[in-house]
Amino acid sequence: MIIVLKSGTPTEEIERVSTEMRTWGLTPEKIVGKHKVVIGLVGETAELDPLRIQEISPWIEHVLRVEQPFKRASREYRHGEPSEVVVPTPNGDVVFGEGQPVVVVAGPCSVENESMIIETAQRVKAAGAKFLRGGAYKPRTSPYAFQGHGESALDLLAAAKAKTGLGIITEVMDAADLEKIAEVADVLQIGARNMQNFSLLKRVGAQPKPVLLKRGMSATIEEWLMAAEYILAAGNPNVILCERGIRTFDREYTRNTLDLGAIPVLRKLTHLPIMVDPSHGTGWAEFVPAMAKAAVAAGADALMIEVHPNPAKALSDGAQSLTPDQFDELMQALQGPLVSLSR
Ligand code: PEP
Ligand code: MN
């Protein structure tokens, strides 16, 4: 349920209403939007009559039921207003959210060695990316495939950050690695394969770094938003959703089916920022630019693009990685008249 307060409601009154709600066994959360202050209520509200809450204060405009099973993640919970995830980086704050300039995250699938990560970081920064991505811990289908360099790759990401000032996004696969990853990462990635690893979701929800939640390979939109709800419910409000393609019947020509239709659906259902990853979404570098442009045209707030200085030699995901030159070209195309990077 949410309590929508009239504009100009005094702070003491907001506090009084919140305290009253606690005595009813509910958890109130104050959400300050651009236009309105809303109090979100989580708990057993099914039997509650909204009119009883309405009577508590003359400052209450109305009381609405949140119909979706994902409460905090729902658009209704913020009375229709989008949320922003502000990430401090050495180069300044980067804002993810509706109506903000599109944020581009780029870099290799895996951090392979110092020279490749530094070179990639410098090139993607020069092209306009705000974050460097790169896996230190890699979720691979085969236990015999390259698993990532682990801790030593975190040091290389730290070196790339120090050199370029780019923010760092890297994946957490195991809660045991969380603390050391959070020392370097500005945003923690939860990969598709862990989207429903509920203990991991609770752990990243209980720490302060923003979380990039990739869609599970066969996850419905509702399952995905319920996974986001785990993180929000554990106390971390900074969640970015990332569509990265889902498993459908075609495996011949595309690795996954990039669900661009999810963008307007998410926009309707949730206030959270939306990222699209056309690299994993298609599996082939030649299809990435078209899908990146389409994602921005459809309203994505951010893009994740795999870039490798020598894709043919990449230790993972080379086929879907752009070269730095191809990435430059894409970034220029994204500045064009169809999709502006500063909407
Ligand atoms: C990745 O970002 O390199 C990755 C493994 O992504 P996903 O979890 O979407 O497969
Ligand atoms: Mn990858």
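Considering region 151-164 alone, what residues qualify as being touching a strand residue (DSSP E or B) at 6+ places or on another chain (Cβ under 9 Å) and surrounded by 15 or more Cβ atoms within 10 Å (Cβ to Cβ)? Of everything in region 151-164, those that are touching a strand residue (DSSP E or B) at 6+ places or on another chain (Cβ under 9 Å) and surrounded by 15 or more Cβ atoms within 10 Å (Cβ to Cβ) turn out to be A153, L154, L157, A160, K161, T164. Examine region 176-190 for a residue that is surrounded by fewer than 15 Cβ atoms within 10 Å (Cβ to Cβ) and part of a loop (DSSP other than H, G, I, E, B), and state whether such a residue exists. No, region 176-190 contains no residue that is surrounded by fewer than 15 Cβ atoms within 10 Å (Cβ to Cβ) and part of a loop (DSSP other than H, G, I, E, B). Filtering region 218-232 to residues that are of a type in the set (G, A, S) and farther than 20 Å from E84 by Cβ leaves S218, A219, A227.
Of all the listed residues (V95, V105), the sole one being assigned by TED's automatic domain parsing to the domain that holds Q326 and under 30 Å from P10 (Cβ atoms) is V95. If I filter region 106-129 for residues that are among the basic types (K, R) and within 23 Å of G216 (Cβ to Cβ), do I get at least one hit? No: zero hits. Which residue out of L266, L303, L272, L330 is surrounded by 20 or more Cβ atoms within 10 Å (Cβ to Cβ) and in a loop (DSSP other than H, G, I, E, B)? None of the other options fit; the residue is L272. On the given criteria, is E223 part of a helix (DSSP H, G or I), among the charged types (D, E, K, R) and open to solvent by 30 Å² or more (accessible area, probe 1.4 Å)? The answer is yes for E223. Yes or no: region 41-48 includes at least one residue that is over 30 Å from the mean Cα position of the chain (by Cα) and surrounded by 10 or more Cβ atoms within 10 Å (Cβ to Cβ). Yes, region 41-48 contains at least one residue that is over 30 Å from the mean Cα position of the chain (by Cα) and surrounded by 10 or more Cβ atoms within 10 Å (Cβ to Cβ). Those strands (runs of 3 or more DSSP E) of region 2-79 in which at least 2 residues are among the charged types (D, E, K, R), considering only elements entirely within it, cover 27-32.
A Cβ distance below 7 Å, combined with a sequence gap of six or more or placement on separate chains, defines the contacts here; from region 292-319, residues that are among the charged types (D, E, K, R) and modelled with pLDDT of 95 or more reach residues that are open to solvent by 30 Å² or more (accessible area, probe 1.4 Å) and within 16 Å of ligand 2 (Cβ to nearest atom) in the pairs E306/D317. Candidates G281, G216: the one that is touching a helix residue (DSSP H, G or I) at 6+ places or on another chain (Cβ under 9 Å) and part of a loop (DSSP other than H, G, I, E, B) is G216. The number of residues in region 98-147 that are open to solvent by 10 Å² or more (accessible area, probe 1.4 Å), within 29 Å of A295 (Cα to Cα) and assigned to a loop (DSSP other than H, G, I, E, B) comes to 13. For residues that are among the aliphatic types (A, V, I, L, M) and more than 16 Å from ligand 1 (Cβ to nearest atom), tally how many sit in region 268-307. Total satisfying the criteria: 7. Scanning region 327-336 turns up no residue that is aliphatic (A, V, I, L, M) and either at positive phi or within 16 Å of ligand 1 (Cβ to nearest atom) (or both). The set of residues from region 77-87 being among the acidic types (D, E) and open to solvent by less than 60 Å² (accessible area, probe 1.4 Å) comprises just one member, E81.
Pairing each residue of region 1-26 that is hydroxyl-bearing (S, T, Y) with any residue that is assigned to a loop (DSSP other than H, G, I, E, B), provided the two are 6+ apart or on different chains, yields C-beta distances under 9 Å for S7/H35; S7/K36; T9/S57; T9/W59.
The values are calculated or read from the model by the stated rules, or taken from the named source; none is laboratory data. Quick caveat: nothing in here was measured; it's all calculated off a predicted structure. In this analysis, Cβ positions are derived from the backbone assuming ideal geometry, glycine residues included, and neighbour counts consider all displayed protein chains. Note: areas computed on protein heavy atoms with side chains; ligands, DNA, RNA excluded. Shrake-Rupley method; radii C 1.70, N 1.55, O 1.52, S 1.80 Å.
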